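The values are calculated or read from the model by the stated rules, or taken from the named source; none is laboratory data. Being a predicted model, the structure only gives us computed values, none of them experimental. In this analysis, Cβ positions are derived from the backbone assuming ideal geometry, glycine residues included, and neighbour counts consider all displayed protein chains. SASA here: full protein model, heavy atoms, side chains in, ligands and nucleic acids out. Shrake-Rupley method; radii C 1.70, N 1.55, O 1.52, S 1.80 Å.
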Amino acid sequence: RLVHLDLKGAAPRAQYLEQVLPLLRALGATGLLLEYEDTFPYMGPLELLQAPHAYSPVELRALLSQARAQGLDVVPLLSLPLQFVLKHREFAHLREVKALPNALNPHKEESQALVKAMIDQVMALHEDLKWFHIGCDEVYYLGEGEESQQWLQQQDNTPEKLCLSHIKAVATFLASSYPMVTPIVWDDMLRGMSEETLAESGVPQLVQPMIWDYAADIHVEGKVQLIEKYRRCGFSKVWFASAFKGATGVNQSLTLIGHHLRNQLEWLQVASRTPTDVLKGIALTGWQRYDHFSVLCELLPVAIPSLAVCLQALKNGGYSEKVKENVEKLLGMSNLEIDSFMSTSLGTFPGSNILTLVTQICFYLKSSVDELLERNRYVTGWFSPYHRKRKIIHPIIMHHFQPDAVSLLSKWNTVVQDLQAAMEQVFHKCAIEEWMEENVYPSLQKLQQVVDDLDEA
């Protein structure tokens, strides 16, 4: 049971992750799937790939050592097709389609050299690895570049074969350089391929596919048939991937636990119909962005109750009152809600204060500001945009809503300051800034502007 930490947005400070590891272990995790992206401390010519908040080698070694001490296997994930690399001007010449940073040009020797250099650097910081996830999902536009178009005009060449040859090249490098490590790939590019194409490619002997589906009602029968197809092609093992957050809305701020619990229960049904010697494990994905360029979805501390429920359900083969009580005990929560967003959520787990404050903001900030500015008749009738622009208001009318506006602003400023202080313990400045600009400032600034306009009027 691997817990996926998606570090391409709101990457938690290393100290926070170290605090969370014992809890993950207690909840039933047996490993971590670490999707570093630009938070890995790349060196030399690759140093420009590092984000300003990237982990230092010292921080990363300490974190990995802590994971080992907790008995957690670590699986690094290098997300080919490398959007976070191809966005840089220095690597733009390696794009499959010049204008788009979506896929690497597989025909260039330099592309292969880049991937190998990145794998070597990641491997150098990790000890005793058994698996290495090489991504390969949603590789859109592969086959649309000029060189690929020429390659596809040759007899028997197809986009599927192009994709498989790319996977094979990376997997072969891993197999020859690091024979103790097995490559894992996301399976979505393989699903639609014929058994013959897959079998002939030689890829099934080199990698283990991770079948992902984050829906609350995955097609169990379809998954069972897909696993049988993969076995017939020559894949000896398969992995599953569920989700505990980051899969129900691109700009979602709170996690609906019920959706993710149902997703795990569906996967348990698939597992019950999969031979035990074929199923290697499951990764509980926790996406932090839908891709490298999209906004943040639920922050890790906000989704810990969902992760706890999901892990415990997988560990215990289902969800019951007893499992719920165990989750509440481990999180220090007394009111775990599954099928609705918890309007009050107190706990004692690391980062629980962030969940409490984010919940307050998501439930009440926008609605309270809208109530005052759009549904208070004194504001809409006597301090409309027309009045505000000209800074005119009847003095009597002010008394009907100015105290409410000032008090509401003061209340929300206090909550936001508390949240900022709590977030600083867990996140770097860039993540806090982004979250605030997306979720707080639009409403807060509207309210501040009305108070300022009132003063001037």
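When the residues of the stretch 116-147 are filtered to those that are assigned to a loop (DSSP other than H, G, I, E, B) and open to solvent by less than 40 Å² (accessible area, probe 1.4 Å), the one that is farthest from F173 (Cα to Cα) is G145. If we scan the stretch 22-37, do we find a residue that is assigned by the TED database to the domain that holds I119 and under 16 Å from K429 (Cβ atoms)? Looking for residues that are assigned by the TED database to the domain that holds I119 and under 16 Å from K429 (Cβ atoms), one finds none in the stretch 22-37, hence no. Scanning the stretch 14-53 for residues that are part of a loop (DSSP other than H, G, I, E, B) and either over 23 Å from A283 (Cβ atoms) or of a type in the set (A, V, I, L, M) (or both) yields a count of 8.
Residue count for the stretch 80-115 under the criterion of being without any contact (Cβ under 8 Å) to a residue 60 or more places away in the chain, of a type in the set (K, R) and surrounded by fewer than 21 Cβ atoms within 10 Å (Cβ to Cβ): the result is 3. Taken over the stretch 402-428, the criterion of being open to solvent by 50 Å² or more (accessible area, probe 1.4 Å) and in contact (Cβ under 8 Å) with a residue 24 or more places away in the chain is satisfied by D404, V406, N413, D418, Q425. Among the residues making up the stretch 221-249, those that are among the charged types (D, E, K, R) and farther than 16 Å from I184 by Cβ are E221, K223, E228, K229, R231, R232, K245.
Looking only at residues of the stretch 20-39 that are touching a residue at least 40 places away in the same chain (Cβ under 8 Å) and touching a Phe, Trp or Tyr at 6+ places or on another chain (Cβ under 7 Å), we find that the one that is surrounded by the fewest Cβ atoms within 10 Å (Cβ to Cβ) is L23.
Only residues that are in contact with a Cys (Cβ under 9 Å, 6 or more places away or on another chain) and either outside any loop (DSSP other than H, G, I, E, B) or hydrophobic (A, V, I, L, M, F, W, C) (or both) were counted in the stretch 281-301, giving 2.
Look at L254 and say whether it is modelled with pLDDT of 95 or more, among the hydrophobic types (A, V, I, L, M, F, W, C) and more than 18 Å from N439 (Cα to Cα). So L254 does not fit the description; no. Restricting the stretch 400-448 to residues that are acidic (D, E) and over 13 Å from L373 (Cβ atoms) leaves a set whose member that is farthest from the chain's Cα centre (by Cα) is D418. The one condition from (1) open to solvent by less than 10 Å² (accessible area, probe 1.4 Å); (2) in contact with a Gly (Cβ under 7 Å, 6 or more places away or on another chain) that L299 does not meet is (2). Check whether at least one residue in the stretch 60-78 is within 28 Å of F293 (Cα to Cα) and free of Cβ contacts under 8 Å to residues at least 40 places away in the same chain, and report yes or no. No, the stretch 60-78 contains no residue that is within 28 Å of F293 (Cα to Cα) and free of Cβ contacts under 8 Å to residues at least 40 places away in the same chain. For S407, are the conditions met, namely being farther than 25 Å from V250 by Cβ and not assigned by the TED database to the domain that holds L24? Spelling it out, S407 is indeed farther than 25 Å from V250 by Cβ and not assigned by the TED database to the domain that holds L24. Please enumerate the residues belonging to the stretch 175-194 that are open to solvent by less than 40 Å² (accessible area, probe 1.4 Å) and either of a type in the set (V, I, T) or outside the structural domain of P81 (by the TED database) (or both). Matches in the stretch 175-194: V181, I184, V185.
Here's a check for you: in the stretch 430-457, which residue that is farther than 18 Å from K366 by Cα and touching a residue at least 40 places away in the same chain (Cβ under 8 Å) is most open to solvent (accessible area, probe 1.4 Å)? Per the criteria, the residue is E456.
If you go through the stretch 393-435 and pick out every residue that is touching a helix residue (DSSP H, G or I) at 6+ places or on another chain (Cβ under 9 Å) and among the basic types (K, R), you end up with 1.
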